[in-house]
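Visitor: Sending over a structure as structure tokens; questions will come in a sec.
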Amino acid sequence: MTQRHSPAYIQHRQRGPFPGHIDPWAEAARYFQQIHSGMIHNLQDQLQDTLIALGYQAGKEASLQIFASRQPDLYIQDTLPERESGEWDYETAAASLEVEAGTAVLEDQPEIEALHITDMDSGELVTVLEIISPRNKTHPQEMALYREQRTRVFLDADVNVVEIDATRSYARLLAHKLAEQHAYHIAVYLPGELPRMLVCDYGEPLPPFALPLRGEAVRVEPHAAYERAYVRGAIAGLIEQDGRFVLDALPFPAMLSDPQRERAHTAVINWRQTMARITNG
């Protein structure tokens, strides 16, 4: 087996043009969906030993963002409505031709997971850690439903909620001017208290934060989880392969200044040139 690329090339390609901060092109839903799942896995790996030592355990569960956008009675029906007389019926047409009509299916949405942290002795849910999907910030009805269920399902049940929002957008799940003024934020919801925010701007890493438990907290390094997910998913290579490292494909370009967009484009050019040198060398 002939190795086509050196370890130096692999490392450089996987690190991408933006080591140390969020890749603005990777904020597109197509790529962030893969980062999302990697971050959940990496955060669980980062926290698990510390949590178990304190008497807690982190497990992956379906995100509230999935349930907020799905109403069971809306998507699962036992029977189809009766057709009006004379309306064309595909199943009947297929049967008349002695072929299968196939099974009617609803397209699945991408799986989104969250971390659920429970007390090992009681099994009680203590804290939920969510990474916000870009899709859930573009549908006002889903945003409103998610907010309502965040309160009803978790906060009213004395469960802490932490949300990491690592993509720029015009709408935010936490409606506050701080969220509007900064590219990314982490929101910490404690039952019965006002939400707390940690913010960072484009070009900065996600800040560390204290993950609340029961009367105690542990330190979390979200940017380490982001970078590991980005590298292991080879996200930069996927964007390059898709031909999407161009200014026209930059998500929410108006939320970056002209110099920021130019520096981002220059970083991509430099990254490509270094890969070419490593390959040719």
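The values are calculated or read from the model by the stated rules, or taken from the named source; none is laboratory data. Owing to the predicted nature of the structure, the values given are computational and were not obtained by experimental measurement. Counting neighbours? That spans all protein chains shown, and the Cβs are built from the backbone with ideal geometry, glycine included. Calculation scope for accessible area: heavy atoms of the full protein, side chains included, ligands and nucleic acids excluded. Shrake-Rupley method; radii C 1.70, N 1.55, O 1.52, S 1.80 Å.
Visitor: For region 150-281, which semi-axes, largest first and in whole Å, follow from the square roots of 5 times the eigenvalues of its Cα gyration tensor? Can you show the working numbers first?
Guide: Working: eigenvalues 245, 64, 30 Å².
With the √(5λ) rule applied to region 150-281, the semi-axes are 35, 18, 12 Å.
Visitor: Continuing with the same structure: Rounded to the nearest 0.05, what FRET efficiency do residue 14 and residue 249 have when you use their Cβ-Cβ distance and R0 = 25 Å? Could you put the intermediate results ahead of the total?
Guide: Details: r = 20 Å, r/R0 = 0.81.
That pair, residue 14 with residue 249, gives E of 0.80.
Visitor: So, for the chain, what is the accessible surface per residue at a probe of 1.4 Å, expressed in square angstrom?
Guide: Working: 15980 Å² over 281 residues.
Accessible area per residue: 57 Å².
Visitor: Once amide H atoms are placed 1.01 Å from N in the peptide plane, what residues at a sequence separation of 5 or more from residue 209, or on another chain, have their amide H within under 5 Å of its amide H?
Guide: 220
Visitor: Heavy atoms only, probe 1.4 Å: what % of the accessible area of region 160-238 goes to carbon and sulfur, would you let me know? Don't skip to the answer; put the middle values down first.
Guide: Details: 1840 of 3380 Å².
Answer for region 160-238: carbon and sulfur cover 54 percent of the accessible area.
Visitor: Out of all DSSP beta bridges in region 127-223, what portion is antiparallel? Express it as a percent rounded to 5.
Guide: The answer is about 75 percent antiparallel.
Visitor: While we're here: Would you mind counting up the charge near residue 20? Only other residues with Cβ under 9 Å from its Cβ, with Lys and Arg at +1 and Asp and Glu at -1.
Guide: -2
Visitor: Let me ask something additional. With only Lys, Arg, Asp and Glu charged, each at its Cβ (+1 for the first two, -1 for the last two), find how big the charge dipole of the chain is about the Cα centre; round to the nearest 20 debye.
Guide: Computed charge dipole of the chain: roughly 1720 debye.
Visitor: Which whole-Hz couplings ³J(HN,Hα) result when phi for each residue of region 188-200 is put into the Karplus expression 6.51 cos²θ - 1.76 cosθ + 1.60, θ = phi - 60°, listed in order with x for Gly and Pro?
Guide: So the J values, rounded to whole Hz, are 10, 10, 10, x, x, 10, 5, x, 10, 10, 10, 10, 8.
Visitor: Would you work out if the chain is rounded, prolate or oblate? Take a ≥ b ≥ c from the square roots of the eigenvalues of the alpha-carbon gyration tensor; rounded if a/c is under 1.5, else prolate when a/b is larger than b/c, oblate otherwise. Walk me through the intermediate numbers first.
Guide: Working: a/c = 1.73, a/b = 1.13, b/c = 1.52.
Oblate, because a/c is 1.5 or more while a/b does not exceed b/c.
Visitor: How much length, in nm to one decimal, is gained on full extension between residue 277 and residue 95, taken as 0.36 nm per residue of separation minus their Cα-Cα distance?
Guide: 59.3 nm
Visitor: Once every DSSP H run of n ≥ 4 in the chain is given -39500 (n - 2.57) and the sum is divided by its residues, what mean residue ellipticity at 222 nm do you get, rounded to the nearest 500 deg cm²/dmol?
Guide: On the way: 10 runs with 107 residues, N = 281.
Estimated from H runs of four or more residues: -11500 deg cm²/dmol.
Visitor: Which FRET efficiency value, to the nearest 0.05, do you get for residue 141 and residue 49 by plugging their Cβ-Cβ distance into 1/(1 + (r/R0)^6) with R0 = 51 Å?
Guide: Details: r = 40 Å, r/R0 = 0.79.
So the FRET efficiency works out to roughly 0.80.
Visitor: Let me ask something additional. Multiply the residue separation of residue 260 and residue 30 by 0.36 nm, subtract the distance between their alpha-carbon atoms, and state the gained length in nm to one decimal. If you can, show how the numbers build up before the last one.
Guide: Details: separation 230, 0.36 × 230 = 82.80 nm, distance 2.25 nm.
That works out to 80.5 nm of additional length.
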